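Worksheet: the structure to be examined is printed underneath.
The values are calculated or read from the model by the stated rules, or taken from the named source; none is laboratory data. Every value quoted in this text rests on a predicted model; they were computed, and no experiment measured them. Note that we place each Cβ from the backbone using ideal geometry, even for glycine, and neighbour counts take in every protein chain shown.
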Amino acid sequence: MKNKNGDVIYVGKAKNLKNRVKSYFTGAHNEKTTRLVLEINDFSYVLTNSEQESLILENNLIKQYLPKYNIRLIDDKTYPYIELTEEEHPKLLVVRKKHPKGRIFGPYPNAYAARETTRLLNRLYPLRKCDTMPKKVCLYYHIGQCLGPCEFKVDYKDDINEIIRFLKGDTKEVLKKLKNEMDKSSEMMHYEKAIEYRDMINHIESTTEKQIINLNDFKDRDAISFAYNEDDIAIQILKMRQGKIVDHDQIVYAYVGHYFESILSYLQQFYEKHMPDELLFSSRFELSDLEPLFNQKAFIPQRGDKKKLVDLASKNADYDLEHHYMLYRHKQEVKQQAIDDLSQMIGTDVNHIEIFDNAQLFGTAPISALVVYKNQDFDKKEYRKYHLKTTTNDDYQAMKEVTYRRYQRLLIENTKMPDLILVDGGKGQLNAAKEVLSQLNLDIKIAGLKKNKKHQLEALVYEDQTIPLLRNSELYQLLLKISEEVHRFAISFHRNTRDKSSNKSVLDEVKGIGPKRKLRLLTEFKSIEDMKEASDELLRNLGLTDEIIKALREVLE
């Protein structure tokens, strides 16, 4: 879950994503969840192959982003691994080290199952159990769980190979043996023993379940795949860093021409500045197309964990494309319908809209703000702020000034004019802006957003007509969104301007007086009158030159 700035504020997992997300927006919640819901602005998601993979990915993402609404997993702990030490006499251990010295398997979200599996393997295979080597054989040797390396020469090669196969998932023989023992105990009515064997089987299945979210080679790699139809392309990039999937990039976009050329162009731009150690591509790509762009870093795996990793990327790309209409295209079509209705209403195609709003508080800090809506979205790089110079509390004059300053500049710079100008106000503000456009000899469509007594949008004012807006129409929702955005931008700018002006001192207008000299003067004198009456000698002792003293007296007078 992300906030309006795109920051990750919560990471979660769910077997049923729809039900999980829906639960946040229905019913009553505690204070923490209520605050979370208020901040949610967007979602992204990754499909995994199993619940174990989702647990590991959740842990990786929480460690990566440290979301403020995730508490449980933001420490430096990790899921446990099983380590086979690389010693002359190896041991089998459960560890949480980030970089253990031996060969490691895991991680395992079920720590208890990992410990029980290790305990079982230590019973089945006679590896060393002692932390320090004793001088003679101990009890483990006598019960057949150790080969006694303290007294005898031993060879662990066969046992180690069997353990490695077991931890990689080849558990058929062991499981078969345990199931036979469980059935035998059950037939003999030794139910407690049968339950013990059943639990062993469950622990082994939980521990040895294959996952590809973490690979224990600690490399940086991306797994890349795509899906497409006649309209759109979905690209999915799973980012693995230090052997762990810690992020992903997903995009669905409309394309023109051949789909594969569009995909290669996107990926070339994506990896223009930085490339990981490996780029794993799904079999939907051709290696001959990739090598000229990515040299020896491009691979198309045919088997193993890497193949499963790109298959997971393909699975996510397919899902993104399938649900694109519901998640994105529907929104785009609603926006397009609103733009079409607006274009029909004013009699010209509309793509570029500029909206003005003014703000002042009892004549203080008068400002105006401009918001640009272009290509069905707000173009925040084009937003502009204006400190008004010709008026303090005349809204009509404010509209004249900002309209003149904006479009005179566009004329000088020979910049393309907007298709439509919107004014946050009624006929008065609209006529003021029209007068300026006429003086500049500009023919730009212009309309006003009329509000009711409760300051709620109710109509569009265009060419001396007040056109009521239906609240459930796409056009109303678009204009309301535009109105709220320009109001937010104007109020935020006005608040900052007002705060700066309230902290302003008359000394700020004196050239040569910076923060340090200003502090000395305000500390020395209790009032402006005392400062006026101060002698030149006293001011020189405070570090002011004769030139600054002269400038100070002129400003104070």
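Quick rundown of the values:
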| quantity | calculated |
| --- | --- |
| All positions within region 16-33 that are aliphatic (A, V, I, L, M) and loosely packed, with under 13 Cβ neighbours inside 10 Å | Ala28 |
| Residue that is surrounded by the fewest Cβ atoms within 10 Å (Cβ to Cβ), among those in region 515-557 that are part of a loop (DSSP other than H, G, I, E, B) and charged (D, E, K, R) | Glu557 |
| Residue, farthest from Leu370 (Cα to Cα), within region 412-436, restricted to residues that are surrounded by fewer than 19 Cβ atoms within 10 Å (Cβ to Cβ) and among the hydrophobic types (A, V, I, L, M, F, W, C) | Ile412 |
| Residue match in region 502-511 (condition: part of a helix (DSSP H, G or I), without any contact (Cβ under 8 Å) to a residue 60 or more places away in the chain and of a type in the set (A, V, I, L, M, F, W, C)) | yes |
| Of all residues in region 214-273 being closer than 19 Å to Thr48 by Cα and free of Cβ contacts under 8 Å to residues at least 24 places away in the same chain, the one that is farthest from the chain's Cα centre (by Cα) | Ile251 |
| Lys481 vs. criteria at negative phi, in contact (Cβ under 8 Å) with a residue 24 or more places away in the chain and basic (Lys, Arg) | no |
| Residues of region 143-174 satisfying the condition of being surrounded by fewer than 15 Cβ atoms within 10 Å (Cβ to Cβ), assigned to a helix (DSSP H, G or I) and aliphatic (A, V, I, L, M) | Ile164 |
| Answer from Asn316, Asn295 - the residue that is on the phi > 0 side of the Ramachandran plot, not aromatic (Phe, Trp, Tyr) and not in a loop (DSSP other than H, G, I, E, B) | Asn295 |
| Residue match in region 384-398 (condition: in contact (Cβ under 8 Å) with a residue 40 or more places away in the chain, of a type in the set (A, V, I, L, M, F, W, C), in the same structural domain as Gln439 (by TED's automatic domain parsing) and in contact with a helix residue (DSSP H, G or I) (Cβ under 6 Å, 6 or more places away or on another chain)) | no |
| Conditions (1) among the β-branched types (Val, Ile, Thr); (2) farther than 20 Å from Met399 by Cα; (3) surrounded by 15 or more Cβ atoms within 10 Å (Cβ to Cβ); number of the one not met by Val461 | (2) |
| Hits in region 36-55 - residues which are closer than 18 Å to Lys315 by Cα and among the β-branched types (Val, Ile, Thr) | Val46, Thr48 |
| Index of the failed condition, Val46 passing every other in (1) surrounded by 13 or more Cβ atoms within 10 Å (Cβ to Cβ); (2) part of a helix (DSSP H, G or I); (3) among the β-branched types (Val, Ile, Thr) | (2) |
| Residue match in region 126-141 (condition: part of a helix (DSSP H, G or I) and acidic (Asp, Glu)) | no |
| Unique match (being in contact with a strand residue (DSSP E or B) (Cβ under 8 Å, 6 or more places away or on another chain) and either farther than 16 Å from Leu92 by Cβ or touching a residue at least 40 places away in the same chain (Cβ under 8 Å) (or both)) among Leu127, Leu121 | Leu121 |
| Verdict on Lys13 being at pLDDT 75 or above, in contact with a Ser or Thr (Cβ under 7 Å, 6 or more places away or on another chain), surrounded by fewer than 19 Cβ atoms within 10 Å (Cβ to Cβ) and basic (Lys, Arg) | yes |
| Residue among Leu55, Leu36, Leu73 that is within 22 Å of the chain's Cα centre (by Cα), modelled with pLDDT of 80 or more and surrounded by 13 or more Cβ atoms within 10 Å (Cβ to Cβ) | Leu36 |
| Pair list, Cβ under 6 Å, 6 or more apart: region 297-310 residue not assigned by TED's automatic domain parsing to the domain that holds Tyr271 and of a type outside the set (Val, Ile, Thr), other residue in a helix (DSSP H, G or I) and crowded, with 17+ Cβ neighbours inside 10 Å | none |
| Only one of Leu475, Leu460 that is in contact (Cβ under 8 Å) with a residue 60 or more places away in the chain, among the aliphatic types (A, V, I, L, M) and part of a strand (DSSP E or B) | Leu460 |
| Listing of strands (runs of 3 or more DSSP E) fully contained in region 330-433 that carry 3 or more residues being under 31 Å from the mean Cα position of the chain (by Cα) | 352-361, 364-374 |
| Lone qualifier among Ser343, Ser368 - being in contact with a strand residue (DSSP E or B) (Cβ under 7 Å, 6 or more places away or on another chain), assigned by TED's automatic domain parsing to the domain that holds Gln465 and surrounded by 13 or more Cβ atoms within 10 Å (Cβ to Cβ) | Ser368 |
